[in-house]
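The values are calculated or read from the model by the stated rules, or taken from the named source; none is laboratory data. All figures in this text were calculated on a predicted structure; none of them were measured in a lab. Please note: Cβ atoms are built from the backbone with ideal geometry, for glycine as well, and neighbour counts cover all protein chains shown. These area figures cover heavy atoms from the full protein model, side chains too; ligands, DNA and RNA do not enter into them. Shrake-Rupley method; radii C 1.70, N 1.55, O 1.52, S 1.80 Å.
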Protein chains: 2
Amino acid sequence: MADATEGETAQLPLHQRIRAEIEGKILSGEWPPGYRIPFEHELTAHYGCARMTVNKVIAALAGAGLIERRRRAGSFVAQPRLQSAVLEIPDIQQEVAGRGETYGYELIGRRRRPAGEDDPAVFTGQEVLELRCLHRANGRPLALEERLISLASVPEAAEVDFAATPPGSWLLHHVPWTEAEHRISALAASTKVAAILEVAKGAACLSLERRTWRATETVTAVRQIFRGDLYHLVARFSPQG
Amino acid sequence: MADATEGETAQLPLHQRIRAEIEGKILSGEWPPGYRIPFEHELTAHYGCARMTVNKVIAALAGAGLIERRRRAGSFVAQPRLQSAVLEIPDIQQEVAGRGETYGYELIGRRRRPAGEDDPAVFTGQEVLELRCLHRANGRPLALEERLISLASVPEAAEVDFAATPPGSWLLHHVPWTEAEHRISALAASTKVAAILEVAKGAACLSLERRTWRATETVTAVRQIFRGDLYHLVARFSPQG
DNA sequence: AAGTGGTCTAGACCACGCG
DNA sequence: GCGTGGTCTAGACCACTTC
């Protein structure tokens with residue numbers, strides 16, 4: 001496909017050129033889903049290169065989900081994926097700073113206690129650190145955070161002074177994690193939440209719940225309740241990554 | 001370790017074994033962020049294989065964001081990434097069906113008109129198809145959808161009978177897209193929205209706005225307003241993909 | 001049985017960026 | 001400079017699947 005900025009087959013590495021070309025045909029629809037792309041030996045001949053070179057490209061595209069490969073049969077353009085997007089969930093601190101606003105943080109409560117019945121079942125029988133804190137932007141309450149940290153998984157958290165450091169930032173830099181699940185919903189502010197966030201009772205808020213695992217251990221569970229009028233999440237997606 | 005144990009070790013391809021081993025050291029924290037991992041020639045010697053083999057592994061890990069590579073300096077364990085997640089945004093139809101509920105769809109309004117001042121600026125000067133529709137689950141209103149489709153980008157949309165087919169499903173299967181941006185927020189139901197969704201005015205709703213591009217053209221812009229009490233988004237992430 | 005992709009080798013030259 | 005990663009080659013054998 002003609003591209004405005006193309007012009008020259010620049011000094012791009014060969015495999016990048018090949019990848020761009022194939023990706024282009026797929027994304028433009030010239031090679032529709034189910035289309036059998038040329039065999040490796042055909043691409044090898046077409047580009048006049050070694051098989052390893054095209055193999056790396058096709059393997060990478062397969063890894064990215066654009067192509068499915070079947071031995072003996074060939075490689076095929078994958079069916080359109082579901083709408084999906086990479087949702088960036090940065091530190092609230094970084095987020096606020098990035099907007100050019102002043103970040104404020106306040107520890108509201110801290111308790112070390114055994115997990116009880118109101119807590120997520122994964123913590124049952126463990127000792128947890130319970131934290132409640134408030135994030136502010138330009139002095140205004142932005143989000144209320146309620147967090148449990150498993151002291152079995154992260155014993156060193158017991159020694160940290162979270163009065164100065166937001167727990168999210170600390171955990172992000174001190175505890176490797178392997179998996180996380182987020183649940184995003186809208187809810188009406190309860191009386192208690194409304195008072196802390198300084199909004200009317202019943203005001204729409206954005207709730208972000210996250211559980212983070214390290215291997216099979218749950219490291220932390222957190223719920224952040226944002227003022228709906230001050231916050232939104234943005235997710236952007238392009239097939240290339 | 002000695003590399004002469006070939007009879008015993010798993011039948012996994014060598015590069016998978018190498019990758020698993022390195023990933024393990026990173027995720028376990030044995031190689032913390034900033035750690036300089038062995039040079040390629042060292043890994044080559046350690047595993048007794050060709051340089052291409054370890055290169056492919058390290059390059060893949062770099063592509064996955066676990067490792068950063070700097071010429072002359074070496075390869076380093078990347079700083080923990082920002083929290084990010086793959087947010088799956090399936091068809092509402094599929095979503096509802098997947099929950100075992102009955103999906104209902106209703107076209108409320110359809111207009112073909114030039115884009116005006118209230119529309120996103122990207123449509124200015126174009127003709128658009130404006131659709132309003134309602135998604136139901138088990139008969140109850142679930143989401144109100146307001147959508148603009150660029151007829152310059154998707155002229156065939158003018159001929160489609162969206163009284164039977166939800167526009168999201170149709171677009172997903174007929175128009176390739178290269179990029180999408182989502183904005184997720186919480187809002188209070190306006191009088192009008194509340195009436196359609198059959199909730200009280202001011203009820204918390206989850207708003208999902210999405211713009212979809214094909215190359216540089218905006219294909220469609222849509223806002224879906226979900227009843228906050230009936231819907232949430234789930235995003236799950238693991239570094240491996 | 002034949003042909004595909006999956007994997008691997010043992011070299012090579014180059015570009016870049018630290019010392 | 002010089003050592004790192006970046007890229008590429010021209011082969012090879014194997015496993016699997018479809019024919």
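How many nm separate the modelled label positions at residue B:113 and residue A:12, each set 7 Å beyond the Cα in the direction of the Cβ?
About 4.3 nm, to one decimal.
Taking each residue in A:183-194, count the Cβ atoms of any other chain within 10 Å of its Cβ, then average. What number comes out?
Values: counts 5, 11, 11, 18, 6, 8, 1, 0, 0, 0, 0, 0.
That average works out to 5.
What number comes out for accessible area per residue over the protein assembly as shown if the probe is 1.4 Å? Units Å², please. Could you put the intermediate results ahead of the total?
Numbers: 24340 Å² over 482 residues.
Heavy-atom accessible area per residue stands at 51 Å².
Mean separation of Cα pairs under 8 Å and 6+ residues apart, divided by the residue count of the stretch B:117-241: what relative contact order is that in percent? Could the numbers behind the result be given before it?
Details: 206 pairs, mean separation 31.0, N = 125.
Normalised by residue count, the contact order of the stretch B:117-241 is 25 percent.
Ordering A:91, A:229 by accessible area with a probe of 1.4 Å, largest first, what comes out? If you can, show how the numbers build up before the last one.
Working: A:91 20, A:229 105 Å².
The most accessible residue leads, giving A:229, A:91.
If you take the charge dipole of the stretch A:14-77 about its Cα centre, with +1 on Lys and Arg Cβ and -1 on Asp and Glu Cβ, which of A:43, A:73, A:58 is farthest toward its positive end?
Going by the Cα projections, it comes out as A:73.
When the Cα centres of the stretch A:101-119 and the stretch B:137-167 are compared, how far apart do they sit, in Å?
44 Å
What number, rounded to the nearest 500 deg cm²/dmol, is the helix-based mean residue ellipticity at 222 nm of chain B, given -39500 (n - 2.57) per DSSP H run of at least four residues and division by all its residues? Spell out each step's value before the answer.
On the way: 6 runs with 58 residues, N = 241.
After summing the helix terms and dividing by the residues of chain B, the value is -7000 deg cm²/dmol.
Could I have the simple spin-label model distance between residue B:124 and residue A:192, label points 7 Å from Cα toward Cβ, reported in nm to one decimal?
4.9 nm
Where nothing but the Cβ of Lys and Arg (+1) and of Asp and Glu (-1) is charged, how large is the charge dipole of the stretch A:86-236 around its Cα centre, in debye to the nearest 20?
Working: 18 positive and 21 negative charges, 79 e Å.
For this selection, approximately 380 debye.
Using alpha carbons only, what's the Rg to Rh ratio of the stretch A:67-208 with Rh from Kirkwood?
My calculation puts Rg/Rh at 1.10.
With angles folded into 0 to 90 degrees, how steeply does helix A:14-28 sit against the dominant principal axis of chain A? Use alpha carbons for both and round to 10.
That works out to roughly 80 degrees.
Using unit Cβ charges (K, R positive; D, E negative) and no other charged atoms, how large, in debye to the nearest 20, is the dipole of the stretch B:14-77 about its Cα centre?
Details: 10 positive and 6 negative charges, 53 e Å.
Once rounded to the nearest 20, the dipole reads 260 debye.
What does the charge dipole of the stretch B:43-160 about its Cα centre add up to, to the nearest 20 debye, if the Cβ of each Lys and Arg holds +1 and the Cβ of each Asp and Glu holds -1? It would help to have the intermediate numbers written out before the result.
Working: 16 positive and 15 negative charges, 215 e Å.
That gives the stretch B:43-160 a dipole magnitude of about 1040 debye.
For chain A, with equal point scatterers placed on the C-alpha atoms only and solvent neglected, what are the log10 I(q)/I(0) values from the Debye formula at q = 0.11 1/Å, to two decimals?
-0.76
Along the charge dipole of chain A, which of A:104, A:14, A:164 sits closest to the positive end, that is, farthest toward it, with unit charges on the beta carbon of Lys, Arg, Asp and Glu (+1, +1, -1, -1)?
Of A:104, A:14, A:164, it is A:14.
Binning at 10 angstrom from zero up to the longest distance, how are the C-alpha pair distances of the protein assembly as shown distributed in percent?
With a bin width of 10 Å, the distribution comes to 4, 16, 23, 25, 20, 11, 2, 0.
Can you pull a Stokes-Einstein diffusion coefficient for the stretch A:14-77 at 37 °C (0.692 mPa s), Rh from Kirkwood over Cα pairs, as a whole number of µm²/s?
On the way: Rh = 11.6 Å.
Using the Kirkwood radius from Cα pairs, D works out to 283 µm²/s.
List the relative contact order of chain A as a percent without decimals, with contacts defined as Cα pairs under 8 Å and 6+ residues apart.
About 14 percent, as a whole number.
Restricting to DSSP loop positions (anything but H, G, I, E, B) with no more than 15 other Cβ atoms inside 10 Å of their own Cβ, which trypsin sites (Lys or Arg not before Pro) remain in the stretch A:197-236?
Working: sites: A:201, A:210, A:211, A:214, A:223, A:227, A:236; in loops: A:201.
Counting only loop positions with at most 15 other Cβ atoms within 10 Å, the trypsin sites (Lys or Arg not before Pro) in the stretch A:197-236 are A:201.
For a quick check of your reading of the filter: which trypsin sites (Lys or Arg not before Pro) in the stretch A:136-190 sit in a DSSP loop and have no more than 16 other Cβ atoms within 10 Å?
Working: sites: A:136, A:147, A:183; in loops: none.
Of the trypsin sites (Lys or Arg not before Pro), not one in the loops of the stretch A:136-190 has a Cβ with at most 16 other Cβ atoms within 10 Å.
Would you rank B:182, B:46 by solvent-accessible area, highest first, keeping every protein chain in place and using a 1.4 Å probe?
On the way: B:182 0, B:46 75 Å².
Output order, biggest surface exposure first: B:46, B:182.
Where in chain B is the longest stretch that carries no GluC sites (Glu not before Pro) classed as loop by DSSP and with at most 14 other Cβ atoms within 10 Å?
Counting at most 14 other Cβ atoms within 10 Å as exposed, the longest clean stretch of chain B is B:31-116.
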